[in-house]
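*Asks:* Sharing a structure below in structure tokens format, with a few things to ask.
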Amino acid sequence: MLRHFFLLLLWGTSLGYAQTDRADPYSAITAFFEAFHQADGPALAAAWHPEARLYSTQLLPDGSTRLLAAVVADFVQAVAQRPAAPTWEEQLDQPMVLLDFPMAQVWVPYRFYRAGEFSHRGTNNFLLLWENGRWQILHLIDTRLTDRP
């Protein structure tokens with residue numbers, strides 16, 4: 001009887017963790033940026049869905065917009081192989097999370113600093129998919145503005 005109680009307790013505990021992970025897509029964004037700041041290539045690569053797309057937008061001086069596409073594997077490699085200096089730091093503001101399981105969208109403004117100096121700011125827009133028991137980045141597009149916040 002005691003053995004069944006412990007098995008039930010273990011099952012309930014693991015079920016609780018799975019439900020917490022499912023309910024918190026922002027945890028995938030937090031893990032992504034931890035890997036980004038630590039230049040941890042394997043952890044950064046693991047954040048992405050195999051079909052992921054990565055884009056950035058730029059507002060040009062004439063008022064037009066440029067869309068820049070990047071290959072996720074190239075992005076991961078560039079982050080993982082960057083030199084220790086200058087440092088990169090992306091400071092995130094308050095996220096807005098929309099969730100309709102198994103899909104989530106996270107909109108999070110940021111400020112980017114290189115070697116402690118302001119570089120640019122913008123907003124990250126992540127589309128996440130719950131697959132294989134975890135949240136994965138399916139799509140990321142950001143804006144990049146050089147004026148100070």
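The values are calculated or read from the model by the stated rules, or taken from the named source; none is laboratory data. Every value quoted in this text rests on a predicted model; they were computed, and no experiment measured them. No Cβ is skipped: glycine too gets one built from the backbone with ideal geometry, and neighbour counts run over all protein chains shown. With ligands, DNA and RNA removed, areas are computed over all heavy atoms of the protein, side chains included. Shrake-Rupley method; radii C 1.70, N 1.55, O 1.52, S 1.80 Å.
*Asks:* Please go through the range 70-124 and give me each residue that is open to solvent by 80 Å² or more (accessible area, probe 1.4 Å), among the hydrophobic types (A, V, I, L, M, F, W, C) and closer than 24 Å to LEU59 by Cβ, ordered by number.
*Replies:* Correct list: VAL71, MET96, TRP107.
Residues are listed down the side, and each one gets a yes or a no for (1) modelled with pLDDT under 95; (2) over 30 Å from PHE118 (Cα atoms); (3) touching a Ser or Thr at 6+ places or on another chain (Cβ under 9 Å):
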position: LEU10; (1), (2), (3): yes, yes, no
position: ALA45; (1), (2), (3): no, no, no
position: LEU60; (1), (2), (3): yes, no, no
position: THR87; (1), (2), (3): yes, no, no
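*Asks:* Any residue in the range 136-147 that's modelled with pLDDT under 90: show its pairings with residues that are in a strand (DSSP E or B) and charged (D, E, K, R) at Cβ separation under 6 Å, as long as the two are six or more apart or on different chains.
*Replies:* LEU145/ARG121
*Asks:* Here's another thing I want to ask about it. Just to check your reading of the model, which residue among LEU67, LEU54 is modelled with pLDDT of 95 or more and within 14 Å of the chain's Cα centre (by Cα)? Lay out the reasoning, then the answer.
*Replies:* Numbers: LEU67 fails: within 14 Å of the chain's Cα centre (by Cα).
Of the residues listed, the single one that is modelled with pLDDT of 95 or more and within 14 Å of the chain's Cα centre (by Cα) is LEU54.
*Asks:* Search the range 66-80 for residues that are within 18 Å of PRO50 (Cβ to Cβ) and pair each with any residue that is at pLDDT 95 or above and of a type in the set (Lys, Arg) when their beta-carbon atoms are under 8 Å apart and the residues are at least 6 apart or on different chains.
*Replies:* The qualifying pairs are ALA69/ARG53; VAL72/ARG53.
*Asks:* On to the next question. Only one residue in GLN94, GLN105 is of a type outside the set (Lys, Arg) and outside any strand (DSSP E or B). Which one? Walk me through it before giving the result.
*Replies:* Details: GLN105 fails: outside any strand (DSSP E or B).
After ruling out the rest, the residue left standing is GLN94.
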